[in-house]
Amino acid sequence: MRRNIPDYQRRAVAERAAFCCEYCRLPEKAAFFLFQVDHIVSVRHEGETELENLAYACPICNRKKGTDLGTLVGNPPKLIRFFNPRIDQWVEHFSLEESGEIVSKTDIGAATVKFLDFNYPDAVIERRKLIVAGVLTI
């Protein structure tokens, strides 16, 4: 279900995120498409359209996450929630390597890296180029 998000909320979410995807950290200024406001807990799961439930997301992360809240990780598999930019610190769950790869440090990081497919080849190449250009910092 799609909800209209008022311009003032969109602006507040984008500014809070410093105009970067709160999941993969891609800067909007380096992206071809405009970023979107994501419901961290989707409306489908009774998430509200309020600042504490909204994240700034690149279209790729937003599309891949969809209405999902978590995925199975490990052996044996267990259900792990995704990274939540309102309650989690990015650096506690992930690291960005010089290679452009995003590496998980926790189960939450592993679930997010896996499901949002952070390290598909084109994304890794793009991040590596942005690191070299000084647009993305490690």
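Laboratory data are not the source of any read-out in this text; all were calculated from the coordinates shown. Quick caveat: nothing in here was measured; it's all calculated off a predicted structure. Please note: Cβ atoms are built from the backbone with ideal geometry, for glycine as well, and neighbour counts cover all protein chains shown.
The order of Tyr8, Tyr23, going from fewest to most other C-beta atoms within 10 Å of their C-beta, is Tyr8, Tyr23. Computed extension gain for Arg16 through Arg63, at 0.36 nm per residue and net of the alpha carbon distance, reaches 14.8 nm.
Here each label is just a point 7 Å from Cα along the line to Cβ, and for Asp122 and Leu72 those points are 2.9 nm apart. Of the peptides 77-88, 58-69, the order by per-residue mean of other Cβ atoms within 10 Å, starting with the highest, comes out as 58-69, 77-88.
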